[in-house]
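Quick notes on the structure that follows.
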């Protein structure tokens with residue numbers, strides 16, 4: 001499945017969760033590819049769209065925020081219609097306070113990007129000094145590099161991998177507000193997968209938005225006793241009368257029963273795109 005690829009695109013660097021997901025997937029599939037890091041989900045998908053030798057590892061869902069629309073919205077409109085989801089993995093969130101110092105209570109400053117600050121707001125307010133000097137960085141990687149410009153009492157929000165890459169001490173772990181929080185990542189690329197017996201398929205259906213349209217779709221899955229694991233819809237081109245419905249369900253697109261499902265769904269929709277069958281995590 002991955003034999004024709006020589007590049008992997010990750011969202012962010014400096015110990016980002018996308019990089020952590022990459023490490024886990026590389027170990028599972030015994031891969032070693034040249035890594036390119038980009039700062040936006042759309043940029044990662046566009047790169048794979050233009051380079052058939054590249055895969056990308058992207059976040060698609062979080063425990064407390066649900067589906068990541070930017071990933072799905074850009075994935076379903078790729079110019080290369082052969083780009084598919086090839087694999088998935090789940091990474092537990094572990095935001096940490098990292099520093100060159102070994103003493104948490106000596107910390108007087110914090111460097112972090114706005115997203116990290118928002119995720120850890122409660123810890124920062126309740127556990128860190130009231131007069132904490134907060135400095136905004138654009139990314140986790142930039143915050144780690146900026147740390148060199150400040151004294152030992154400054155810290156950053158990062159991951160255990162950030163600590164490993166930049167030789168920093170982990171002063172506090174799991175400082176995120178939502179403690180039970182996982183991120184699901186997908187691998188996308190121009191390739192085909194084979195059934196494993198424990199698979200998931202992702203499709204997008206394009207529907208006219210009328211009363212009962214979504215119910216009609218769900219009933220097709222009920223007919224074939226196929227379990228839906230995720231369903232999400234959005235307007236197409238800001239037109240409320242047209243909907244794109246993203247569905248994850250059990251099974252592989254090569255399974256006979258899934259082929260029958262597709263035939264029925266074709267009669268219930270204006271169009272359908274299969275965007276991957278892959279081993280379920």
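The values are calculated or read from the model by the stated rules, or taken from the named source; none is laboratory data. All figures in this text were calculated on a predicted structure; none of them were measured in a lab. A quick note on method: Cβ atoms are made from the backbone with ideal geometry, for glycine too, and the neighbour counts reach across all protein chains shown.
The combined condition, being within 26 Å of the chain's Cα centre (by Cα) and part of a helix (DSSP H, G or I), is fulfilled by residue 117. Each residue in region 50-68 was checked for being within 24 Å of residue 178 (Cβ to Cβ), touching a strand residue (DSSP E or B) at 6+ places or on another chain (Cβ under 7 Å) and surrounded by fewer than 14 Cβ atoms within 10 Å (Cβ to Cβ), and 0 of them qualify. For residue 192, the criteria (1) within 24 Å of residue 82 (Cβ to Cβ); (2) surrounded by 13 or more Cβ atoms within 10 Å (Cβ to Cβ) hold in every case but one, which is (2).
If you take the residues of region 127-155 that are assigned to a loop (DSSP other than H, G, I, E, B) and crowded, with 18+ Cβ neighbours inside 10 Å, which of them is farthest from the chain's Cα centre (by Cα)? Across region 127-155, the extreme among qualifying residues is 128. Look at residue 157 and say whether it is in contact with a helix residue (DSSP H, G or I) (Cβ under 8 Å, 6 or more places away or on another chain), closer than 30 Å to residue 142 by Cα and in contact (Cβ under 8 Å) with a residue 24 or more places away in the chain. In short, yes.
For the subset of region 209-248 comprising residues that are assigned to a strand (DSSP E or B) and surrounded by fewer than 11 Cβ atoms within 10 Å (Cβ to Cβ), which member is modelled with the lowest pLDDT? Checked region 209-248; the qualifying residue modelled with the lowest pLDDT is 240.
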